[in-house]
Amino acid sequence: MGKVYLLITLTALGCLVFEKLTKRRLSMDQWDYTRDLLMLASMSLLSISVGSRSSSVIIGFGVIFAVAAMGERLYPSMLWPILKISLAVAFAFKGPQIHFITLGEDNLYYLSPNAAVVATAMWLLLCQAFMREVDEISGLSGHLMAITWVLLWGVSFFLGQDLKDAMWMSFAGILICLIFWSRIGHTYRRLGDPLVYFWSTLIAGTSLIGVSKGITFATILLPLSLFALPIMEASLGFVGKTFTDKGRWNVSLYERLVSMGIDHPQSVRLVSAFCMTLGVSVSLFQLISSPWGFRISLLVFVLGTMAFLIYIFKNVVREDQRRPALWGIFVDNVSMDYVLNKVIFWATQESDQSYMIVTPNALVAERSRYDAKLREAVKSADLSLPDGAGLIWAFKILGVKIQERITGIDFMKSLCQIAQHRDMPVFLLGGTPEVVEEASNRLAKDYPNLRIAGFHHGYFSQDEDEKICKMINESGAKILFVGLGVPKQELWIKSNLGRLKGIIAIGVGGSFDVISGRLKRAPEAWQKVGLEWLYRTMQEPWRFKRIIRLPIFMALVVLTRFGLYTRRID
């Protein structure tokens, strides 16, 4: 196996060099397609070089399933599910099969030839269906795939049996995951159906030739079945996944973690760690003879579960601090990662429902005391993000620890970075005609794959609202950045949200001025000490009449802290 491992390592290094050389020469989409093809090609070449007939069949069918998934995406038809089932049956005839079922130590139930074909085809379809479901959560499928390859290789290596195919395929899977981790394990990107079908076919097949179905089941299928999906919903969902792409199950473990205030990347890693605990427990049970095998695997499972729960309890946001209020507004005490994932989820829904996101600062909070329209607009928002060091300071004085300051411009840039990879077109509304056009051009330059659906200046009358909303809807935009300034942007979004169809509208204040280059953003040192407002005022002196209200804001915060001023204004 030494020469085999060396060849696999050299192939992986070749992929790494090719990836680095092409990164600057290709657009992001081209680079991703190139890396996807490189993964398929490298595994195919290895199967020819070092694989047996079984591994070649597995990888060959993986490529065929990937092509079928791509064809289904380009040319939707009800015939594709039938083709996939037929391919699974063909795989069961030509590839490795499930010949027996273990009913206990040394108790085996051997299957008839026909039953073996059915069991193998069902195993492959099950792995594919569940892997597709896991891929609905960005990054999770890549994490679980990497864990599964590591465990499959570990068991195949330590069993001491002649499992050459299982060992080289698992080792190659590990190295491919490492080399292409920015593609496979990115917490804000999905693998996509072609890669899902390719890798799930390889995992299902490797588990058959490596006598490690238990690891695949424990790492990917068991956690999803027992801890993420209601049994009835999973049963109906499996049928739906087999025949259509439109059904989606409710992965409640992940969503439960997110609802507890744990951000998306942490939730993905926590679910992966829990699945790894189950997989390691099953691996130890297979490797160590009874009774110690059961005892050690149980101990690992208990310790892993305890660590999982302790981490959750230490990082969960308390119920009373998840949406703290200050006078006439509230803020969502969440991280940037949480908000980005929330927007991705909204944008991928096949619905006409629109959403509103606001970014209040200290002056918005102070104004909300007497401006009823602004107060109602902010309170009606689906997400209210704490922008401004003054607002963070105020909540700190009131005993609320805000996870993260999320400025409008930082949120806008982070969202554009993700939108270019997930085909979420954006529309810019606000600013002067010159500023909004230049901001659009700058975004297109900074994010080459971002689709700018359109832009429109902010100098329009209320009578034009319906026409502008129609323009936005017809543009195909999923995200609307509104830079009309406070309180106009909040009021405009609230009054026109019903006219928008399936759009996330976000108030971003004066972000267009900074992105276009008309204004400079404060240096990082100024931002860290909370003086970004002063730097902005130096560039726009007219803002001084607003800034003089900051001492009033600070005094009211102190009075609120000592109960001398009402904290909530309804």
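In the set (1) over 21 Å from Ala204 (Cα atoms); (2) open to solvent by 60 Å² or more (accessible area, probe 1.4 Å); (3) modelled with pLDDT under 90, Arg53 fails one condition alone, (1).
Kindly establish whether Gln403 is open to solvent by 30 Å² or more (accessible area, probe 1.4 Å) and of a type outside the set (Gly, Ala, Ser). When the stated conditions are applied, Gln403 passes them. Mind listing whichever residues of segment 364-387 are surrounded by fewer than 20 Cβ atoms within 10 Å (Cβ to Cβ) and either in contact (Cβ under 8 Å) with a residue 60 or more places away in the chain or under 18 Å from Asp332 (Cβ atoms) (or both)? Hits for segment 364-387 are Arg369, Asp371, Lys373, Glu376, Lys379, Ser380, Asp382. Checking Trp327 against (1) of a type in the set (A, V, I, L, M, F, W, C); (2) over 25 Å from Lys396 (Cβ atoms); (3) buried (at least 18 other Cβ atoms within 10 Å of the Cβ), which test does it fail? Of everything listed in (1) of a type in the set (A, V, I, L, M, F, W, C); (2) over 25 Å from Lys396 (Cβ atoms); (3) buried (at least 18 other Cβ atoms within 10 Å of the Cβ), Trp327 misses just condition (2).
Across segment 433-446, not a single residue is classified as buried (at least 17 other Cβ atoms within 10 Å of the Cβ), part of a loop (DSSP other than H, G, I, E, B) and touching a residue at least 12 places away in the same chain (Cβ under 8 Å). Summed over segment 478-497, the residues that are in contact with a Gly (Cβ under 7 Å, 6 or more places away or on another chain) and hydrophobic (A, V, I, L, M, F, W, C) give a count of 4.
Each residue in segment 185-210 was checked for being of a type in the set (A, V, I, L, M), open to solvent by less than 10 Å² (accessible area, probe 1.4 Å) and modelled with pLDDT under 90, and 3 pass.
Residue-by-condition table, conditions (1) more than 30 Å from Asp410 (Cβ to Cβ); (2) in a helix (DSSP H, G or I); (3) of a type in the set (Asp, Glu); (4) open to solvent by less than 60 Å² (accessible area, probe 1.4 Å):
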position	(1), (2), (3), (4)
Ser267	no, yes, no, yes
Phe274	yes, yes, no, yes
Leu278	yes, yes, no, yes
Leu284	yes, yes, no, yes
Gly293	yes, yes, no, yes
Leu309	yes, yes, no, no
Lys314	no, yes, no, no
Leu340	no, yes, no, yes
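Hey, could you check segment 355-403 for residues that are among the aromatic types (Phe, Trp, Tyr) and either in a loop (DSSP other than H, G, I, E, B) or at pLDDT 95 or above (or both) and say which is farthest from the chain's Cα centre (by Cα)? Here the residue is Tyr370.
The lone criterion from (1) modelled with pLDDT of 95 or more; (2) of a type outside the set (A, V, I, L, M, F, W, C); (3) in a loop (DSSP other than H, G, I, E, B) left unmet by Asn496 is number (3). A search for C-beta distances below 7 Å between a residue of segment 9-25 that is more than 12 Å from Ile176 (Cβ to Cβ) and any residue that is of a type outside the set (Lys, Arg), counting only pairs 6+ apart in sequence or on different chains, returns Phe18/Leu38; Thr22/Trp31; Thr22/Thr34; Lys23/Trp31. Against the conditions (1) in a helix (DSSP H, G or I); (2) without any contact (Cβ under 8 Å) to a residue 40 or more places away in the chain, Leu556 satisfies every one except (2).
In a strand (DSSP E or B) and within 20 Å of Arg442 (Cβ to Cβ): does that describe Leu480?
When the stated conditions are applied, Leu480 passes them.
Here Gly62 does not qualify as open to solvent by 20 Å² or more (accessible area, probe 1.4 Å), modelled with pLDDT of 90 or more and either under 22 Å from Met167 (Cα atoms) or basic (Lys, Arg) (or both). Within segment 216-232, can one find any residue that is of a type in the set (A, V, I, L, M, F, W, C), within 30 Å of Ser52 (Cα to Cα), at pLDDT 50 or above and touching a Ser or Thr at 6+ places or on another chain (Cβ under 9 Å)? No, segment 216-232 has no match at all. Considered as a group, the residues in segment 316-338 that are β-branched (Val, Ile, Thr) and either part of a loop (DSSP other than H, G, I, E, B) or free of Cβ contacts under 8 Å to residues at least 24 places away in the same chain (or both) include one that is farthest from Leu480 (Cα to Cα), and that residue is Val316.
Of all residues in segment 529-546, those satisfying the criterion of being within 22 Å of Ile329 (Cβ to Cβ) and surrounded by 14 or more Cβ atoms within 10 Å (Cβ to Cβ) are Gly530, Glu532, Trp533, Arg536, Arg543, Arg546. Selection of segment 27-45 for residues being among the hydrophobic types (A, V, I, L, M, F, W, C), under 22 Å from the mean Cα position of the chain (by Cα) and closer than 13 Å to Leu195 by Cβ yields only Met39.
Screening Pro291, Pro265 for residues that are at pLDDT below 85 and farther than 30 Å from Ala419 by Cα leaves exactly one candidate, Pro291.
Among what's in segment 501-520 and is part of a loop (DSSP other than H, G, I, E, B) and surrounded by 21 or more Cβ atoms within 10 Å (Cβ to Cβ), pick the residue that is nearest to the chain's Cα centre (by Cα). Across segment 501-520, the extreme among qualifying residues is Ile503.
The values are calculated or read from the model by the stated rules, or taken from the named source; none is laboratory data. What you see is a predicted model; the values in this text were computed from it and never measured. Here Cβ is always computed from backbone atoms with ideal geometry, including for glycine, and neighbour counts include all displayed protein chains. The protein model used for the area step is the full one, side chains on, heavy atoms only, and it has no ligands, DNA or RNA in it. Shrake-Rupley method; radii C 1.70, N 1.55, O 1.52, S 1.80 Å.
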